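*Asks:* I'd like to ask you about the structure that follows.
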Amino acid sequence: MTTQYTYPSLGEAIKYFVSTMGILPRKNEAKENTNTSEAEKKKIQKQIERLAREEGHLQAQFDALIPSINNYLKDSISCPIVAGQICSAANKLHESYKELLVGEGTFMSQRDTVLYFIKKFAIEICVTESSLTYLINQDLRPAAVWPEEDFWYLPKEEDGIIVWPITNTMKWVYSITELSQTQFHKPANREDIFNRLENNLKNANKWTRGKSMPSMLGLTKNIRDSLEAQENNEKKIPSELKDSILATTSVSLILTSLAQDIKKYYGNKTLFQLIEQIKQYVTWIGEDIHELHRVYLEEVKSRKINNKKLAIELKNEMLSYFIPSFYEKCHQARHPISKHILYNGYIDREMVRRIANQYGSYAARAPEYAYDNNQVIVPEGFSLLIPIALSMINDQKTTLKDIENFNSALHAYNLQKKVPWVVDWIYGGYYYRNDDFEKAHKHFSKSFQNGKYRAGNIFYRTLNQHIEVCAKLDKWREFKKAALWAKYLGIPVRWLRDEESTDENLRVAYRYLGLKNCKYPRL
């Protein structure tokens, strides 16, 4: 992870997610018997690489990628409950990350910026989406079996050693099938062509001892081989238990991979702080789910429902009200808490207590917890100089000497690497006002490149100024690339706004913005 002061690009974030899911093909890896072909995986890999490089029509590429990823997850994980949980959380994470990129700038290192997103947004999203999606889909596999341990999917420490989720889950698999590790992977009296089962046993032994980590491909192939060997050995394992085994082992591998990355980049202390945050959030949202279940049982009893189909219909009816109201009460609880922090710089504990009594612990305590454990230190000089920059960009009296002095002040506070887009933005504004579009383009182009994934809600302005001067200088390809990137991030483009980013619509915006005698009075 780099020390640049920036967010990872959206393409890089998507690539990391896909890599963690085990979708990208690896060299020297055995083919897996799934519905997702190697050609399809390589196609996904190429799409991901283009997104990471930000080439072409980014939104169209992303839209084409999503069905392939969803199909792979449903195919490799088998259980629709877990596949649905992952897809729901992933979609919400993508949406939230885009909103963060557009709404909040950063002056932190990439390492600290990623941790900020995890603590403030990602954990809550994953807990919320996985919990609610489970409620929606649990009847798709009513006989599904899960480990009894409450937090089997999280790392834990035993005798000073971290026990990863994959180790926990593999041990559960042997327990639930009433087989030893050897019996599960290499049943007696089975012909072992090319020592395939023997190799599977050796690999599984390394995984459970934490000596190595499988790829998703290697894990699911090992488990499927072992389940098939059990069938051939006349050991009957119910199909829904097979799905549960594949789902739990796949999820535990994903979460182990994520946890090991956190340990690598942030250390054990941060890893277990995040684990504690997850446990606390799960406990709080569990109160809401428990209350829903209590009311559901009362309704079943009062309506004298003894038919499974009618019970499911009642549950679905209740969920259709519960889920929107849950999101709404979380919004209602967070608004006054966030507003108070914004205007006063601290959290009002008494307010949180009152809101928790009204809306529940999760709605009120989660933002409090995120605030307490995610303090951001604003660098010296930032709060002084950024308002000055916002004033200078539209001040007709701003001179080149003023900009030079501002740049010196930026260096004096050592902020030039934290906000590398701001000086060029002011220079661009100066030359734009003086109709020197060539020089304005030079600076706006630098500001655009340096402000991407850094400038937050201010970036709307520098982006649109860059796009405008590209049009005024007849730089169609540069204009189009910047406009498509903006639409991909959800940043409005002048004269395009909510219109689809077709060539025809882009040309209309290009024509109007390219008029030399039409300029915006305020940048």
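*Asks:* So which lysines pass the test for residue 263, namely a Cα distance under 17 Å, with those fewer than 8 places away in the same chain ruled out?
*Replies:* In chain and number order, the partners are 119, 156, 211.
*Asks:* When 285, 161 are ordered from fewest to most other Cβ atoms inside 10 Å of their Cβ, what list results?
*Replies:* Exposure proxy ranking, most exposed first: 161, 285.
*Asks:* Considering the Cα positions of the stretch 10-140, please state its Rg to one decimal place and its Dmax as a whole number of Å.
*Replies:* Spelled out, the Cα radius of gyration and Dmax of the stretch 10-140 are 15.8, 46 Å.
*Asks:* Name the residues of the stretch 115-157 whose amide N is less than 20 Å from a point 7 angstrom out from the Cα of residue 347 along the C-beta direction?
*Replies:* Residues 115-129 fall inside that zone.
*Asks:* Next question. Evaluate the relative contact order of the chain (contact order divided by residue number), counting alpha-carbon pairs under 8 angstrom at least 6 apart; express in whole percent.
*Replies:* In percent, rounded to a whole number, it is 17.
*Asks:* Kindly provide the GluC sites (Glu not before Pro) of the stretch 196-297 that DSSP labels as loop, not H, G, I, E or B, and whose Cβ sees at most 14 other Cβ atoms within 10 Å.
*Replies:* For GluC sites (Glu not before Pro) across the stretch 196-297 that sit outside H, G, I, E and B with at most 14 neighbouring Cβ atoms in 10 Å, the list reads 234.
*Asks:* Work out, in µm²/s and without decimals, the Stokes-Einstein translational diffusion coefficient of the stretch 145-267 at 37 °C, 0.692 mPa s, Rh from Kirkwood over C-alpha pairs.
*Replies:* It comes out at roughly 221 µm²/s.
*Asks:* Tell me, in nm to one decimal, what length is gained between residue 357 and residue 375 on full extension, where the rule is 0.36 nm per residue of separation less the Cα-Cα distance?
*Replies:* The residue 357-residue 375 span can extend by a further 3.9 nm.
*Asks:* Among the trypsin sites (Lys or Arg not before Pro) within the stretch 354-426, which fall in a DSSP loop and have no more than 10 other Cβ atoms within 10 Å of their own Cβ?
*Replies:* Counting only loop positions with at most 10 other Cβ atoms within 10 Å, the trypsin sites (Lys or Arg not before Pro) in the stretch 354-426 are 397.
*Asks:* Once the principal axes of the Cα atoms of the chain are found, what is the range along each, listed largest first in whole angstroms?
*Replies:* If we take the Cα atoms of the chain, the spans are 86, 59, 49 Å.
*Asks:* Below 8 Å between Cα atoms, with a sequence gap of 6+, how large is the relative contact order for the stretch 301-373 in percent?
*Replies:* 26
*Asks:* Same structure again: Starting from the Cα of residue 301, step 7 Å along the direction of its Cβ; do the same at residue 191; then give the gap between the two resulting points in nm.
*Replies:* With each label placed 7 Å out from Cα toward Cβ, I get 6.0 nm.
*Asks:* While we're looking at this one, here's another question. Please report the equivalent ellipsoid semi-axes of the stretch 382-513, computed as sqrt(5 x eigenvalue) of the Cα gyration tensor, largest first, in whole Å.
*Replies:* The three semi-axes for the stretch 382-513 are 27, 16, 11 Å.
*Asks:* When we measure straight from the Cα of residue 339, which aspartates and glutamates land under 15 angstrom away, once same-chain ones fewer than 8 places off are left out?
*Replies:* Result set, ordered by chain and number: 348, 350, 368.
*Asks:* Determine ³J(HN,Hα), in whole Hz, for all residues of the stretch 450-456 in sequence, where each value follows from phi through the Karplus function 6.51 cos²θ - 1.76 cosθ + 1.60 and θ = phi - 60°; x replaces Gly and Pro.
*Replies:* Result, ordered by residue: 7, x, 4, 6, 9, 7, x Hz.
*Asks:* Can you run phi through the Karplus equation (6.51, -1.76, 1.60; θ = phi - 60°) for the stretch 437-443 and list ³J(HN,Hα) in whole Hz, with x for Gly and Pro?
*Replies:* After applying 6.51 cos²θ - 1.76 cosθ + 1.60, I find 5, 4, 5, 4, 4, 4, 7 Hz.
*Asks:* Now a separate question. Looking at the stretch 264-324, which trypsin sites (Lys or Arg not before Pro) are DSSP coil and have at most 15 other C-beta atoms within 10 Å of their C-beta?
*Replies:* When the trypsin sites (Lys or Arg not before Pro) of the stretch 264-324 are filtered for loop state and at most 15 Cβ neighbours within 10 Å, 304 remain.
*Asks:* Would you mind ranking 283, 502, 106 so that the residue whose beta carbon has the fewest other beta carbons within 10 Å leads the list?
*Replies:* With the fewest neighbours first, 283, 502, 106 line up as 502, 283, 106.
*Asks:* Debye sum, Cα scatterers, the stretch 395-435, no solvent: what log₁₀ I/I(0) at q = 0.15, 0.23, 0.26, 0.31 1/Å?
*Replies:* Relative scattering, expressed as log10 I(q)/I(0), comes to -0.35, -0.73, -0.87, -1.07.
*Asks:* Pairing the Cα long axis of helix 476-489 with the longest principal axis of the chain, what angle in degrees results, from 0 to 90 and rounded to the nearest 10?
*Replies:* Taking Cα atoms only, the helix is inclined about 50 degrees.
*Asks:* Continuing with the same structure: Residue by residue, what Karplus-based ³J(HN,Hα) values in Hz, rounded to whole numbers, does the stretch 205-216 have, using 6.51, -1.76 and 1.60 with θ = phi - 60° and x for Gly and Pro?
*Replies:* Going residue by residue, I get 5, 5, 5, 5, 8, x, 7, 7, 10, x, 7, 4 Hz, with x marking Gly and Pro.
*Asks:* Just report the Cα centroid separation between the stretch 47-99 and the stretch 174-199, whole Å.
*Replies:* 35
*Asks:* Ok, one more. Using Cβ contacts closer than 10 Å as the measure, can you line up 461, 522 from fewest to most?
*Replies:* If I rank by nearby Cβ atoms, fewest first, I get 522, 461.
*Asks:* Next up: Which FRET efficiency, nearest 0.05, do residue 519 and residue 409 yield, Cβ-Cβ r, R0 22 Å?
*Replies:* 0.20
*Asks:* Quick one: helix 80-103 against the long Cα principal axis of the chain, what's the angle to the nearest 10°, folded into 0 to 90?
*Replies:* Helix 80-103 sits roughly 10 degrees off the main axis of the chain.
*Asks:* At a Cα cut-off below 12 Å, give the aspartates and glutamates reachable from residue 418, other chains included and same-chain residues fewer than 8 away excluded.
*Replies:* 380
*Asks:* Where does the chain land at 222 nm, in deg cm²/dmol rounded to the nearest 500, when only DSSP H runs of n ≥ 4 count, each adding -39500 (n - 2.57), divided by all residues?
*Replies:* My calculation for the chain gives -22500 deg cm²/dmol from helical runs alone.
*Asks:* Which value, in Å³ per residue, describes the convex hull spanned by the Cα atoms of the stretch 89-196?
*Replies:* Convex hull of Cα atoms, per residue: 218 Å³.
*Asks:* Taking N as the number of residues in the stretch 283-372, what is its alpha-carbon radius of gyration divided by 2.2 N^0.38 Å?
*Replies:* 1.37
*Asks:* Defining a contact as two alpha carbons under 8 Å apart and six or more residues distant in sequence, what relative contact order in percent does the stretch 386-523 show?
*Replies:* For the stretch 386-523, the relative contact order is 20 percent.
Read the figures in this text as sums done on the coordinates, not as results from a lab. These figures come from a predicted structure and were not determined experimentally. As a convention, Cβ positions derive from the backbone with ideal geometry for all residues, glycine included, and neighbour counts pool all protein chains shown.
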